[in-house]
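Below: one structure, written as C-alpha cells.
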Amino acid sequence: KKRALLPDDIRAAKGGTPLVSLTAYTTPMAQMMDAHCDFVLVGDSVGMVLHGLPSTLGVTMEMMILHGQAVARGLSSAMMVIDMPFGSYEESPQQAFRNAARLMAETGAGAVKLEGGTQMAETIAFLTERGIPVMAHIGLTPQSINTLGGYKVQGRGAARDAALADADAVANAGAFAVVLEKIPASLADDITARLAIPTIGIGASAGCDGQILVVDDMLGLFTAFKAKFVKRYAHLGDDGEAAIAAYAADVRARQFPASEHIFGDEAPT
Ligand code: KIV
Ligand code: NA
C-alpha cells in the first residue's frame, strides 16, 4: 500500500508530470479514483451534484464532514483535500481556523481549500502558520456568484492584473497549490509561470501543473448543465436511466425476478 501523498508532495510536483485530481463525495467513488489521482477534493460542489441545491451557498459544515468521512474511507494513497463551505471562513482568520481544524479533525483530510485571492491572504497565512495546509482557489469562485454576477469567465481585460495579484497573494501567504477556475488560458499560463506552487486548472489551461474536474460532470452523472470546460468521459446518467427503464419493463412483464433470483422451499444439498 502506497503512503498517502502530503501537501509537500503536491507542492514538489510543480513543473513535473501534471497532477491529476477529481472531486469525490462517497466511499465507492473515492475507491474508484484512489489509484489514479494524486489528490481527491471533497468539493462543496456536492451540494449541487448530489443534493440538488441551486448553488454551493447552501452547503453546511455538517454536509462537508459527512461526505469527507465517506471519502476518507475509500482512500489509501491519494491525498484528501476538503472544501471550506460558504460562511465557514470569511468572517475572520479565527473563524476559519476553528472550522478548518474541525474539518480536518473529523474527516482526516490532509488540507483544506478555500475561495478567494488578496482578500483571503491573511486567513491563508493564519491557517498555514498554525498547521493547516491550504489550497487556494481563484478566478471563478462559485461561492461568490452573487457578487461576480454569475458564472462568467474571470480575469479578462482590465481584470487580468487583479487576477495576477490574487495569484501572488495566495502563494505569498503560504498556500501549497492554487486552483484556477474559468480564466483565459493565457492568464493561467502566466500565473503558472510566475508562481512557485502548482496551479490546478479547471477551465484554465493544459499548461497548468495539474487538472481537476467534478467527477459527476466527467462521468455524465450530473446533466442539469454542462460547462464548456467539462469533458464527458462516460455517460453514466444515460446508462443508469436505460438500466432503470429495463428493470421497470421486466417487473411489469413479470420477467424479474427470474429463477436464479428466487429461493426454493428446501436448502440446496
Ligand atoms: O467544489 C468543487 O468541486 C471545486 C472544484 C471544481 C475545484 O471547488
Ligand atoms: Na468548491
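List of remarks:
- Which listed residue, of GLY207, GLY203, is within 16 Å of ligand 1 (Cβ to nearest atom), surrounded by 14 or more Cβ atoms within 10 Å (Cβ to Cβ) and of a type in the set (Gly, Ala, Ser): GLY203
- Taking (1) under 23 Å from LYS14 (Cβ atoms); (2) within 13 Å of ligand 2 (Cβ to nearest atom); (3) hydrophobic (A, V, I, L, M, F, W, C) in turn, PHE39 satisfies each apart from (2).
- Any hit, the range 43-63, residues being within 11 Å of ligand 1 (Cβ to nearest atom) and within 20 Å of LEU5 (Cβ to Cβ): yes
- Residue tally, condition more than 18 Å from ASN99 (Cβ to Cβ), of a type in the set (Gly, Ala, Ser) and more than 14 Å from ligand 1 (Cβ to nearest atom), over the range 122-165: 9
- Out of VAL42, VAL71, one residue alone is under 20 Å from GLU90 (Cβ atoms) and either of a type in the set (Asp, Glu) or buried (at least 19 other Cβ atoms within 10 Å of the Cβ) (or both). It is VAL42.
- Applying the set (1) in contact with a Gly (Cβ under 6 Å, 6 or more places away or on another chain); (2) more than 16 Å from ligand 1 (Cβ to nearest atom); (3) farther than 22 Å from THR118 by Cα to ALA169 leaves exactly one unmet item: (3).
- Failed criterion for TYR89 (all others in (1) within 13 Å of ligand 1 (Cβ to nearest atom); (2) aromatic (Phe, Trp, Tyr); (3) free of Cβ contacts under 8 Å to residues at least 40 places away in the same chain hold): (1)
Just so you know, all these numbers are worked out from the coordinates, no wet-lab data involved. Nothing here was measured: the structure is a model prediction, and the numbers come from that model. Virtual Cβ from ideal backbone geometry, glycine too; neighbours counted across all protein chains shown.
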